[in-house]
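Take a look at the structure below.
The values are calculated or read from the model by the stated rules, or taken from the named source; none is laboratory data. All figures in this text were calculated on a predicted structure; none of them were measured in a lab. Please note: Cβ atoms are built from the backbone with ideal geometry, for glycine as well, and neighbour counts cover all protein chains shown.
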Amino acid sequence: MTIQEIANRLVELCRQGDFATAHEELYSDECVSIEPDGAPVKEVKGKEGLAMKGKQFEEMMEVHGFEVSEPIVADEFFSIVLGMDATFKPTGQRSNSSEIAVYEVKDGKIVKEEFFFRPQGPGM
């Protein structure tokens, strides 16, 4: 797959809410995921780390709506904008947020993802 094809497939799976398939199909076994300072988990490694992070997210957030932009590709990188309407379960606080995600691809797999946003509230 080309980087554009990988980016398009990730967008397709994210729009379906199928993050587990995205991780299994598109990510390297040694992938790294980085969140901004102040997020509950700053960095995880590997597909097991991604699964743990996803489980933690599901336990903390109730998602009401989710939007994913078209990808922008440059060299071995691509980025997307993610928008979310969600409730932080521990406090019941509902908010709309957006973030930029940047992905690095090597040998046909995503090896790194990094998210850029301002964490909000306790544990966020």
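A compact table of results
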read-out: Residues located in the range 5-47, provided they are part of a helix (DSSP H, G or I), of a type in the set (Val, Ile, Thr) and touching a Leu at 6+ places or on another chain (Cβ under 7 Å); value: Ile6, Thr21
read-out: Odd one out for Ala74, checked against (1) under 20 Å from Ala20 (Cα atoms); (2) at pLDDT 95 or above; (3) not basic (Lys, Arg); value: (1)
read-out: Hits in the range 11-32 - residues which are in contact with a helix residue (DSSP H, G or I) (Cβ under 6 Å, 6 or more places away or on another chain) and of a type in the set (S, T, N, Q); value: Thr21
read-out: Residue check for Val81: assigned to a strand (DSSP E or B) and within 19 Å of His23 (Cα to Cα); value: yes
read-out: Pick from the range 31-48, criterion of a type in the set (A, V, I, L, M) and under 14 Å from Ala101 (Cα atoms), ranking: surrounded by the most Cβ atoms within 10 Å (Cβ to Cβ); value: Val32
read-out: Glu67 being more than 16 Å from Phe115 (Cβ to Cβ), of a type outside the set (Gly, Ala, Ser) and either under 15 Å from the mean Cα position of the chain (by Cα) or in a strand (DSSP E or B) (or both); value: no
read-out: Thr87 in contact with a Lys or Arg (Cβ under 7 Å, 6 or more places away or on another chain) and either assigned to a loop (DSSP other than H, G, I, E, B) or of a type in the set (S, T, N, Q) (or both); value: yes
read-out: Single unsatisfied condition, Lys55 versus (1) closer than 20 Å to Val111 by Cβ; (2) without any contact (Cβ under 8 Å) to a residue 12 or more places away in the chain; (3) basic (Lys, Arg); value: (1)
read-out: Complete set of residues in the range 69-97 that are over 17 Å from Ile6 (Cβ atoms) and surrounded by 13 or more Cβ atoms within 10 Å (Cβ to Cβ); value: Val81, Gly83, Met84, Asp85, Ala86, Thr87, Phe88, Pro90, Gln93, Ser97
read-out: Near pairs, Cβ below 9 angstrom, 6+ apart or cross-chain, from the range 74-96 (over 13 Å from His64 (Cβ atoms)) to any residue that is modelled with pLDDT under 95 and assigned to a loop (DSSP other than H, G, I, E, B); value: Leu82/Phe117; Pro90/Gly121; Pro90/Pro122; Pro90/Gly123; Thr91/Gly121; Thr91/Pro122
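Rundown of residues vs (1) modelled with pLDDT of 95 or more; (2) surrounded by 17 or more Cβ atoms within 10 Å (Cβ to Cβ); (3) among the aromatic types (Phe, Trp, Tyr); (4) under 23 Å from Arg94 (Cα atoms), yes/no style:
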position: Asn8; (1), (2), (3), (4): yes, no, no, no
position: Glu24; (1), (2), (3), (4): yes, no, no, no
position: Asp29; (1), (2), (3), (4): yes, no, no, no
position: Lys53; (1), (2), (3), (4): no, yes, no, yes
position: Glu67; (1), (2), (3), (4): yes, no, no, yes
